[in-house]
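The structure appears below as structure tokens.
The values are calculated or read from the model by the stated rules, or taken from the named source; none is laboratory data. Note that the structure is a prediction, hence the values are computed from the model and not measured. Cβ coordinates were reconstructed from backbone atoms using ideal geometry, including for glycine residues, and neighbour counts include every protein chain displayed.
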Amino acid sequence: MSNKIPVTAEATKYPAVETVNNVAGGVIPFDAVDTESPLETPPGLNVSDFDYDIGEIVDLPPPESASLFERLIEDNDLLPVWFLERGVDIQKAVARVVLTRSHRGLAQGRGWGTGFMISPSFFLTNNHVVSDKEFMTKFRVQFNYQLDFTGVEQLTESFQPIANNVFHTNKALDYSLIQLEKNNQHGSELPGERWGYIPLNAAPLFYNSQHFNIIQHPSGRLKEISLQDNEISQLRVNAVRYTGDTEPGSSGSPVFNNLWELVALHHAGGEKDATGKWINNQGIRIDRIVADLQQHFAHNAAVLTELGI
């Protein structure tokens, strides 16, 4: 039985179109972006912080006024319940990049970035997270670093990169493809067979007011998600910008649409306003990464077959 997280039938009817009105055009020069600075984190809401006056009793509409009972407020935020079920499945393939040696002032065992399985053995993250083969001895890939709904930390499992096998990185698109080895505890099981993997998407759809979802390990913490309050703000030739929150350590996270289709590889902060406040983040368009993989591995059918492209 395949552990590939299936692409919905809904996905197959969309071409790779770009219908965002505020397309700025051109390529974003990634050497000019900030890969470390997060958006400002909004303060947590506590009951004691609620500073609105509690008013009088609300007059309820009479039963015969059925049209007054329900209303959509601005955008329609309703989603089918399978959105939660699919999200639970797909998050398993997202993992933390953990240092096995001290690096840039961070101690061994600290979280360094995020990434995710895109096939049984291949793991995708940013070039600025894993830039070359020499770095392969400095990290491991840790799955299931998260809490369950009762607040209990889960058992984790780690896999090592294969230093002398398939490795491809592209600094211009800020991504690295890394092959992981089997875990000795589970014999012949590859990480994508055990934890599932997220299919590459050669034809993502982008449109106005689109919402994105980002599964990540912000600041190396337990797995978290930026959900729904994350709207597309700009589409470029090589990247897409959005308003969802990330932090250092979120680099390499998958960006999904509301069908849980992969649309981008998160990599950096986007733009600041005139006051210096961050107004968006950005990810590498996954269709650009797919095109580069197809070109680079044009004579390696085994890799393209495993990647499903």
Picked from segment 259-293 (must be of a type in the set (S, T, N, Q) and surrounded by 14 or more Cβ atoms within 10 Å (Cβ to Cβ)), the residue farthest from residue 126 (Cα to Cα) is 280
Just wondering, is there one or more residues in segment 205-215 that are over 28 Å from residue 152 (Cβ atoms), within 11 Å of the chain's Cα centre (by Cα) and in contact (Cβ under 8 Å) with a residue 12 or more places away in the chain?
yes
Being assigned to a loop (DSSP other than H, G, I, E, B), in contact with a Phe, Trp or Tyr (Cβ under 8 Å, 6 or more places away or on another chain) and modelled with pLDDT of 95 or more narrows 222, 177 down to just 222
Okay, strands (runs of 3 or more DSSP E) sitting entirely in segment 91-155 with 3 or more residues that are aliphatic (A, V, I, L, M), I get 94-99
Of those in segment 240-258 that are of a type outside the set (Asp, Glu) and more than 17 Å from residue 125 (Cα to Cα), the residue surrounded by the fewest Cβ atoms within 10 Å (Cβ to Cβ) is 258
Over segment 159-191, the set of residues under 14 Å from residue 117 (Cα atoms) and hydroxyl-bearing (Ser, Thr, Tyr) is 175, 176
